[in-house]
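These notes are about the structure you will find just below.
The values are calculated or read from the model by the stated rules, or taken from the named source; none is laboratory data. Since we're looking at a predicted model, the values are computed, not measured. Quick reminder, even Gly has a Cβ in these numbers, built from the backbone with ideal geometry, and neighbours come from all protein chains shown. Just the protein is used for accessible areas: all its heavy atoms, side chains included, with ligands, DNA and RNA removed. Shrake-Rupley method; radii C 1.70, N 1.55, O 1.52, S 1.80 Å.
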Amino acid sequence: MNLQQYRWFLVGIVVAAITGWIVFPAALYERIEQPLQFSHNVHIGESVGMSCTDCHQMNAGERGAAIPAVSKCAECHSEAIGTTEAELKLVEDYIKTEREIPWLVYSQQPQNVHFSHIAHTGRANIRCEECHGPHGESESLRPFERNRISGYSRDIWGSSITRVGNAPWEGKKMDDCADCHTKRGVVNSCLKCHQ
Amino acid sequence: MNHRISRRDLLQFAGGSALGLLLSPLPWKLLDDSAIWTQNWPWNAEPLRGPVSNLLTTCSLCPSGCGLRFRCVSGNPISTHGIPEHPASHGTLCPAGLLAHHLRYHPQRIGRPVRLAAGAPFVEATPLTTEEAFNAIGERLRSSKSTVVLDARPDRAASEVLKQLARTLANATYVPEHTERDRTIRAMASAFDQQVEISFDLSSVRTILSVRAPLIDGWHSPDRAAAIFDRRAGTGSPLFIIHVDSTPSRTAEVADEWVKVHPGSEMVFVLGIIGALLDEGLTAPETRQRARDFAELRSALAPVSREWISAQCGMTTDKLHVIARRLATQGPSLALADGQPDPNGRSSALHAAVACLNLLTGSYRHRAPVRAHRGSNTEAAPSLDAITDGSVDVFLADESISGSTSTEHLLAQKGSRNCLLISLSPFVVPHAAFEQIVLPAPAFGEMLTDVPGVSDDGRETLSVTIPAFRSQEGTFNTVDLCAALLRAVAGTADASPSTEELIKDRIASVLKTGKGHVFKSSDRTIVPIGSLSSSEELWTELTAGGAWSGDQPTRKPTGSFRLMRIARPALELCEQERRDSRSRFTHDEQSAPPAPVRIVDPILQGTTVISPLISKLREESGLRPFHPEAFDQASSSPVSVKPSKA
């Protein structure tokens with residue numbers, strides 16, 4: 001077989017493969033830096049010793065909650081404690097001006113989804129790490145990767161473009177939630193999540 | 001070497017690219033993302049953000065009075081849930097209750113008076129100014145020779161204002177609308193020589209003969225529908241349902257047996273069952289003793305040929321006997337009916353026949369499903385059935401709570417040729433027969449109303465629906481309407497109490513009786529009414545999602561009854577048909593009547609997934625077995641919700 005005859009075909013395959021596997025995933029997501037850097041590890045470390053629920057509310061609060069308000073930060077950081085640039089920015093730009101930090105939420109669900117943390121942590125006793133991975137031990141906040149077409153966070157799909165090899169906590173599409181519900185014997189009904 | 005790229009090269013490249021792309025995630029991810037993109041147009045309304053709170057109240061869409069919790073964001077209700085410990089509903093809500101917060105956005109909602117020609121679709125409604133509407137109404141009321149003030153939700157505190165309106169207007173009669181369940185109950189009660197009050201308790205029934213009654217959607221409260229599902233699934237005492245209908249309704253699908261009769265022959269079918277009971281001597285012994293005209297009923301039914309009955313309804317006489325035997329021997333049994341829609345004018349006769357059947361099977365006996373107790377000597381308001389056909393010039397229908405009347409066919413029967421239907425409703429619901437003027441009422445969740453009821457064991461109940469939304473300007477509640485109509489007709493109107501004052505008066509009367517218990521939604525407890533110190537306290541509890549239920553009436557002997565009093569209309573209709581020798585059904589005389597269809601229960605066998613809305617009913621009810629433990633929401637939530645254990 002003379003491959004030379006089909007060289008353009010093979011070129012096409014290679015170009016498409018590169019486009020589909022490398023260029024497309026890179027171009028699909030825009031990377032947006034968080035408005036402020038934050039180290040979870042410092043806060044849960046020995047020197048501070050906080051836990052997830054010290055800042056992240058699990059009860060019914062503001063819709064899309066669990067992200068603490070700046071008032072929570074102000075409980076300790078009404079004045080700068082350290083010397084990091086991030087903390088100085090927190091105090092000067094947000095706490096003293098009483099402005100909420102416009103966090104970009106990695107696990108943000110679409111508007112038509114009602115999600116209750118307390119139902120999962122309180123009733124089903126699911127630990128934070130089961131859905132959010134080692135995020136609670138992060139030294140810094142990675143950029144928020146936003147899908148240019150759907151507008152969703154990359155965390156909803158997962159880091160792998162094929163979803164193969166995603167870590168257990170990655171992926172928060174409807175099917176991921178439904179699968180977990182099924183495994184735990186919870187009946188799925190539309191109105192459960194889409195109120 | 002020739003480096004020119006030919007068309008063939010391009011085609012190869014395109015083919016290779018297509019294959020390469022198909023083998024890459026690009027097209028599949030693009031499909032997924034594009035689908036999401038098409039669901040998020042910029043003009044889609046965004047849900048509210050803000051503090052989340054709960055508002056406890058009562059659903060008033062039907063008289064069941066289910067406990068309702070609005071989940072609110074920034075004070076705006078965004079979803080509804082049941083209240084698991086509520087005695088009337090045990091956490092269940094019907095599909096209407098689950099979406100009650102959407103009703104105010106219904107496309108047929110109106111914010112100003114409209115006029116609609118008979119038979120016209122709602123899009124052809126012509127807006128009127130309030131002045132135009134009341135001028136037109138006033139003129140018709142002044143010239144009307146017969147006006148019916150139809151209360152689609154009787155027994156409210158505001159119903160007294162409607163009664164007063166009917167007394168004030170010339171040639172007007174107040175008529176309360178009755179549910180289909182009420183019509184069977186009224187028919188049964190009319191058989192007794194003494195005044196009795198009757199309630200149906202489905203929990204003690206073993207066999208139900210449902211004649212078109214939508215048992216699982218609308219006949220009774222959603223809590224009772226959920227209880228039927230549970231009994232069908234094996235929880236609680238066994239239940240056998242025979243559903244009689246010419247079409248496969250939802251209840252037919254759930255029933256153990258769907259008896260497919262010819263359309264409109266349901267009354268004849270019931271007479272056939274009665275005939276079979278009499279022929280086999282299967283009537284209850286107490287009935288033979290207490291019915292003063294038992295022999296007369298036998299004689300009246302004797303000439304009605306069983307073969308004629310069989311041909312009319314499409315059931316073999318053997319099948320009629322099988323059903324009759326089951327009702328008599330697999331009791332306690334209960335027959336229920338729904339006569340609407342009723343193009344043949346037979347619904348009251350159907351209810352009468354069903355009532356007679358219940359008496360013959362002894363459904364009223366001790367621990368039986370029909371609870372009859374001595375009633376109070378109050379004069380019953382006339383029913384729509386009793387109005388002369390074609391005599392009504394003006395119907396004034398208060399549909400403000402229910403949204404529409406459930407008696408459209410009866411209205412068509414009773415209205416005169418140029419009858420005007422004046423509706424107070426949040427929606428335009430076209431009627432085929434009449435010109436309409438519709439006055440806008442607040443939608444569900446926008447107004448204060450009381451929800452009186454009677455529970456299965458005969459206890460009176462009372463709860464209150466409070467507004468969760470601001471009502472639109474220009475809408476009328478019942479009290480406003482009556483005042484405006486009196487001004488339109490007579491030029492003046494006395495000041496009448498507001499709805500809140502009327503309800504508070506009612507609550508004060510309830511407190512004075514000292515009877516019954518109050519469900520307090522704040523702590524999910526039930527306390528004797530005597531523990532409340534004032535009517536203000538009772539008002540506070542009822543307007544916070546609580547409910548009062550009275551004492552169970554004492555079952556006193558109800559004495560004798562007369563079967564022919566209720567059976568006569570059915571027998572007369574039957575006789576008329578036989579004399580006319582008309583067969584309304586064209587079926588092959590030679591072929592056997594269609595056999596009843598036994599429904600294999602797909603739900604219980606797990607081969608069918610029931611509707612998510614039904615599963616939502618079971619979810620919110622706390623009856624499902626998937627909640628292994630109760631939990632409390634964190635203390636900062638205003639309401640603690642504890643699902644009851646299965």
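Restricting to segment B:384-430, give me the number of residues that are of a type outside the set (A, V, I, L, M, F, W, C) and closer than 25 Å to residue B:479 by Cβ. Qualifying residue count for the region: 13.
With respect to the conditions (1) in contact with an Asp or Glu (Cβ under 7 Å, 6 or more places away or on another chain); (2) part of a helix (DSSP H, G or I), residue B:184 falls short on a single one, namely (1).
Residues in segment A:101-129 that are of a type in the set (Phe, Trp, Tyr) and open to solvent by less than 80 Å² (accessible area, probe 1.4 Å): A:103, A:106.
Selection of segment B:408-441 for residues being β-branched (Val, Ile, Thr) and either out of contact with any Pro (no Cβ under 9 Å at 6 or more places or on another chain) or more than 29 Å from residue B:499 (Cβ to Cβ) (or both) yields B:422, B:428, B:429. With the structure loaded, tell me whether residue B:85 is surrounded by fewer than 22 Cβ atoms within 10 Å (Cβ to Cβ), outside any helix (DSSP H, G or I) and either of a type outside the set (A, V, I, L, M, F, W, C) or within 14 Å of chain A (Cβ to nearest Cβ) (or both) or whether it fails that test. Answer is yes for this residue. With respect to the conditions (1) open to solvent by 30 Å² or more (accessible area, probe 1.4 Å); (2) away from chain B (no Cβ under 14 Å), residue A:70 lacks only one, and its number is (1). Reported count of residues in segment B:49-69, each being assigned to a loop (DSSP other than H, G, I, E, B), within 8 Å of chain A (Cβ to nearest Cβ) and either open to solvent by less than 50 Å² (accessible area, probe 1.4 Å) or out of contact with any Gly (no Cβ under 9 Å at 6 or more places or on another chain) (or both), is 1. When each of A:51, A:47 is tested for being among the polar types (S, T, N, Q) and in contact with a helix residue (DSSP H, G or I) (Cβ under 8 Å, 6 or more places away or on another chain), the lone residue that passes is A:51.
Within segment A:130-149, the set of residues being open to solvent by less than 30 Å² (accessible area, probe 1.4 Å) and within 12 Å of another protein chain (Cβ to nearest Cβ) comprises just one member, A:147. When segment B:279-294 is filtered for residues that are at pLDDT 90 or above and open to solvent by 40 Å² or more (accessible area, probe 1.4 Å), the ones remaining, listed by number, are B:279, B:280, B:281, B:282. Of the residues that make up segment B:24-37, is at least one open to solvent by less than 40 Å² (accessible area, probe 1.4 Å), of a type in the set (S, T, N, Q), facing chain A (nearest Cβ under 7 Å) and free of Cβ contacts under 8 Å to residues at least 12 places away in the same chain? Taking every residue of segment B:24-37 in turn, at least one turns out to be open to solvent by less than 40 Å² (accessible area, probe 1.4 Å), of a type in the set (S, T, N, Q), facing chain A (nearest Cβ under 7 Å) and free of Cβ contacts under 8 Å to residues at least 12 places away in the same chain. Among the residues making up segment B:453-472, those that are open to solvent by 20 Å² or more (accessible area, probe 1.4 Å) and out of contact with any Gly (no Cβ under 8 Å at 6 or more places or on another chain) are B:454, B:455, B:457, B:466, B:470, B:471.
When restricted to residues that are among the charged types (D, E, K, R) and surrounded by 14 or more Cβ atoms within 10 Å (Cβ to Cβ), segment B:1-23 contains 1.
Any idea which residue in segment A:14-61 is farthest from the other protein chains (Cβ to nearest Cβ), counting only those that are of a type in the set (S, T, N, Q) and assigned to a helix (DSSP H, G or I)? Only one residue tops the list, namely A:41. Among the residues that make up segment A:150-171, is at least one of them of a type in the set (Val, Ile, Thr), open to solvent by 50 Å² or more (accessible area, probe 1.4 Å), free of Cβ contacts under 8 Å to residues at least 60 places away in the same chain and in contact with a Pro (Cβ under 9 Å, 6 or more places away or on another chain)? Yes, because at least one residue in segment A:150-171 is of a type in the set (Val, Ile, Thr), open to solvent by 50 Å² or more (accessible area, probe 1.4 Å), free of Cβ contacts under 8 Å to residues at least 60 places away in the same chain and in contact with a Pro (Cβ under 9 Å, 6 or more places away or on another chain).
Checking the stated criteria, residue A:98 turns out to be in a loop (DSSP other than H, G, I, E, B) and open to solvent by 80 Å² or more (accessible area, probe 1.4 Å). Summed over segment B:92-128, residues that are within 15 Å of residue A:191 (Cα to Cα) and in contact with an Asp or Glu (Cβ under 6 Å, 6 or more places away or on another chain) total 1.
Among residues of segment A:173-195 that are within 23 Å of residue B:78 (Cα to Cα) and facing chain B (nearest Cβ under 9 Å), those with a beta-carbon under 7 Å from a residue that is among the hydrophobic types (A, V, I, L, M, F, W, C) and outside any helix (DSSP H, G or I) at least six positions away or on a different chain give the pairs A:187/B:626; A:195/B:78. Only residues that are among the polar types (S, T, N, Q) and either at pLDDT 90 or above or in contact with a strand residue (DSSP E or B) (Cβ under 7 Å, 6 or more places away or on another chain) (or both) were counted in segment B:65-90, giving 3.
The single condition from (1) farther than 26 Å from residue B:256 by Cβ; (2) in a helix (DSSP H, G or I) that residue B:359 fails is (1).
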